[in-house]
Amino acid sequence: MERVLGIDVGGTSIKVGLFSLEGSLDAVTKIPTGSLVSTAAFAQVTEGLKQLLEDNGGTSADVVAIGLDIPGPVDSDGKVGFLPNIELDPKGLQHAILDEFPNACLAFVNDANAAALGELWQGTAKGVSDMVLVALGTGVGGGVVVNGQLVSGAFGAGGEIGHITVNRDETLPCGCGRYGCLEQYASAKGVVRVYKEECELEGIDPVALDGPTDTLSVFNAYRADDPAAKLAVDGMADYLGFALATISTIVDPEVYLIGGGVGGGFDLFSSQLRAAYVRYCLPTSSGARILPASLGNQAAMYGCAYQALQMRNA
């Protein structure tokens with residue numbers, strides 16, 4: 001039976017999905033990772049892949065397509081821009097996988113772009129040809145799909161939505177070194193930071209926070225009518241609406257999907273986000289739908305598998 005692997009590489013583990021050619025997810029495994037730069041480390045990955053197949057009645061020869069995504073920019077030629085959160089030799093890992101699965105073609109993409117493709121293939125955006133995924137997590141990432149094709153850009157920076165400038169008056173630098181990026185307000189770190197700043201300005205004590213990315217507590221404070229939480233969340237929605245309106249002037253998608261950990265509070269800020277988007281966008285783009293993503297942390301597995309199938313069928 002022909003199978004497809006979707007391999008989602010993270011900083012501490014690799015999530016792997018075993019798919020049918022039709023897109024059903026038959027099994028999932030997780031392979032712990034550390035530094036992925038040695039022959040021994042690559043062997044640990046390939047052994048985990050083979051074990052997944054063996055446990056599900058398959059062999060390496062059954063795999064006809066493999067999708068591999070990583071947490072860093074990847075251009076259309078497969079060149080990696082930078083890897084800020086992982087020690088990885090991408091080419092070494094690719095070669096090790098292809099050596100083990102000689103019947104497979106391999107697609108290599110950025111993880112946020114892969115998540116967008118996953119939602120397009122089997123998630124909320126199924127049947128949509130033009131969409132943008134915005135992943136609101138520790139940072140802000142994204143994926144842009146136009147006419148059913150991923151837009152990675154000449155240098156792999158297509159979809160770096162978190163670094164759209166939304167506040168030119170910001171004096172605090174973003175992690176990228178620039179100022180006023182969307183990531184500074186709409187990421188988990190950004191929401192918590194702004195909440196604490198607003199508490200100080202309002203002269204109130206913040207709620208107990210479980211670390212610098214605890215948006216759940218901020219959202220709960222919002223529901224309890226905490227004025228600082230309201231300022232932080234409503235401000236995040238306003239900046240995000242402005243960013244989406246900016247994107248619409250360039251790619252004009254039919255659907256925006258909001259995912260990531262912060263996206264889990266979508267019901268809380270969706271009306272404010274919609275209002276901000278309509279306020280800032282061109283009237284011709286006001287019909288774009290803004291929806292929650294549905295595949296969660298499996299979206300990238302689906303997406304890189306889909307990209308591999310697209311490559312095989314091209």
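The values are calculated or read from the model by the stated rules, or taken from the named source; none is laboratory data. Everything numeric here is computed off the predicted structure, so don't read it as measured data. Counting neighbours? That spans all protein chains shown, and the Cβs are built from the backbone with ideal geometry, glycine included. Side chains are part of the model used for accessible areas, which takes the heavy atoms of the whole protein and leaves out ligands, DNA and RNA. Shrake-Rupley method; radii C 1.70, N 1.55, O 1.52, S 1.80 Å.
How large is the dipole of the chain about the Cα centre if only Lys and Arg carry +1 and Asp and Glu carry -1, each at its Cβ, rounded to the nearest 20 debye? List each step's numbers first, then the result.
On the way: 18 positive and 36 negative charges, 85 e Å.
Here the chain has a charge dipole of around 400 debye.
If R₀ is 30 angstrom, what is the calculated FRET efficiency for the pair ARG178 and ASN313, using the beta carbon separation as r and rounding to 0.05?
Details: r = 39 Å, r/R0 = 1.32.
So, using R0 = 30 Å, E works out to roughly 0.15.
Ignoring ligands, DNA and RNA, what percent of the 1.4 Å accessible area of the chain is carbon and sulfur?
Carbon plus sulfur share of accessible area: 51 percent.
For segment 167-314, with only Lys/Arg (+1) and Asp/Glu (-1) charged at the beta-carbon, what is the dipole magnitude about the Cα centre, in debye rounded to 20?
On the way: 11 positive and 17 negative charges, 138 e Å.
Once rounded to the nearest 20, the dipole reads 660 debye.
What are the equivalent ellipsoid semi-axes of segment 128-204, built from the alpha-carbon gyration tensor (square roots of five times its eigenvalues), in whole angstrom, biggest first? Could the numbers behind the result be given before it?
Working: eigenvalues 171, 38, 15 Å².
For segment 128-204, the semi-axes come out at 29, 14, 9 Å.
Go ahead and estimate [θ] at 222 nm for the chain from helices alone: -39,500 (n - 2.57) per DSSP H run with n ≥ 4, summed, over the residue count, rounded to 500.
On the way: 10 runs with 124 residues, N = 314.
When only DSSP H runs of four or more count, the value is -12500 deg cm²/dmol.
Throw me the Rg/Rh for segment 156-313, computed over C-alpha atoms with Kirkwood Rh, two decimals.
Values: Rg = 16.7 Å, Rh = 16.8 Å.
My calculation of the ratio gives 1.00.
Kirkwood Rh and Cα-based Rg: tell me the resulting Rg over Rh for segment 215-294, rounded to two decimals. Don't jump to the answer; show the numbers that get you there.
Details: Rg = 12.9 Å, Rh = 12.9 Å.
So for segment 215-294, dividing Rg by the Kirkwood Rh gives 1.00.
Could you provide, to the nearest whole Å², the per residue accessible area of segment 1-115 with probe 1.4 Å?
Each residue of segment 1-115 exposes 43 Å² on average to a 1.4 Å probe.
Compute the Rg to Rh ratio over the chain from the alpha carbon atoms, using the Kirkwood formula for Rh, and round to two decimal places. If you can, show how the numbers build up before the last one.
Details: Rg = 20.1 Å, Rh = 20.1 Å.
A ratio of 1.00.
Going through segment 50-95, which trypsin sites (Lys or Arg not before Pro) have at most 13 other Cβ atoms within 10 Å and a DSSP loop state? Walk me through the numbers before you get to the answer.
Details: sites: LYS50, LYS79, LYS91; in loops: LYS79.
Taking segment 50-95 and a limit of 13 other Cβ atoms within 10 Å, the loop trypsin sites (Lys or Arg not before Pro) found are LYS79.
For segment 38-140, with the dipole built from +1 on Lys and Arg beta-carbon atoms and -1 on Asp and Glu ones, taken about the Cα centre, which of ALA104, ALA116, GLN51 lies farthest toward the positive end?
ALA116
Angle check, please: helix 90-100 long axis (alpha carbons) against the longest principal axis of the chain (alpha carbons), in degrees 0 to 90, nearest 10.
Once rounded, one gets 40 degrees.
Does anyone have the angle between helix 266-280 and the longest principal axis of the chain? Alpha-carbon axes, 0 to 90°, nearest 10?
70 degrees
Given springs between every Cα pair under 10 Å in a Gaussian network model of the chain, which of ALA125, ALA61, ALA245 has the largest fluctuation?
Among ALA125, ALA61, ALA245, the largest mean-square fluctuation in the Gaussian network model of the chain belongs to ALA61.
Loop only by DSSP, 13 or fewer other Cβ within 10 Å of the Cβ. Give me the GluC sites (Glu not before Pro) in segment 50-109 that pass, ordered by residue number.
On the way: sites: GLU54, GLU87, GLU100; in loops: GLU87.
Of the GluC sites (Glu not before Pro), the ones in loops of segment 50-109 whose Cβ has at most 13 other Cβ atoms within 10 Å are GLU87.
Could you run the Debye sum over the Cα atoms of segment 171-254, one equal point scatterer each and no solvent, and tell me log10 of I(q)/I(0) at q = 0.18 Å⁻¹, two decimals?
Those come out to -0.77, one per q.
Considering the chain as a Gaussian network with a 10 Å cut-off on Cα pairs, which listed residue, GLY259, GLY175, GLY142, attains the greatest mean-square fluctuation?
Highest fluctuation of the listed residues: GLY175.
Plugging the Kirkwood radius over Cα pairs into Stokes-Einstein for segment 100-242, at a temperature of 4 °C and a viscosity of 1.567 mPa s, what D comes out in µm²/s?
Numbers: Rh = 16.8 Å.
Translational diffusion coefficient: 77 µm²/s.
Hey, got the Cα dimensions of segment 1-111 along the principal axes, in Å, largest first?
Here the spans come out as 37, 28, 22 Å, largest first.
Once the Cα atoms of helix 227-248 and of the chain are each reduced to a long axis, what angle between those two axes, in degrees from 0 to 90 to the nearest 10, is obtained?
Helix 227-248 sits at roughly 60 degrees to that axis.
Output wanted: per-residue J couplings in Hz (rounded whole) for segment 17-26, from phi through Karplus 6.51 cos²θ - 1.76 cosθ + 1.60, θ = phi - 60°, x for Gly and Pro.
Each residue's phi maps through the Karplus curve to give x, 9, 10, 7, 5, 8, x, 7, 8, 8 Hz.
Using the Karplus curve 6.51 cos²θ - 1.76 cosθ + 1.60 with θ = phi - 60°, work out ³J(HN,Hα) for each residue of segment 101-118 in order, rounded to whole Hz, and write x for Gly and Pro.
After applying 6.51 cos²θ - 1.76 cosθ + 1.60, I find 10, x, 8, 9, 8, 10, 9, 10, 9, 6, 5, 5, 4, 4, 4, 4, 5, x Hz.
Picking from TYR256, ALA300, VAL192, whose Cα lies most toward the positive end of the charge dipole for the chain (charges on Cβ: Lys, Arg +1; Asp, Glu -1)?
TYR256
Using a 10 angstrom cutoff on alpha carbons, build the Gaussian network for the chain and name the most mobile of ASP69, ASP226, ASP77.
Of ASP69, ASP226, ASP77, the Gaussian network model singles out ASP77 as fluctuating most.
Any idea of the accessible area per residue across segment 157-314, 1.4 Å probe, to the nearest Å²?
Working: 7490 Å² over 158 residues.
With the other protein chains kept in place, segment 157-314 gives 47 Å² per residue.
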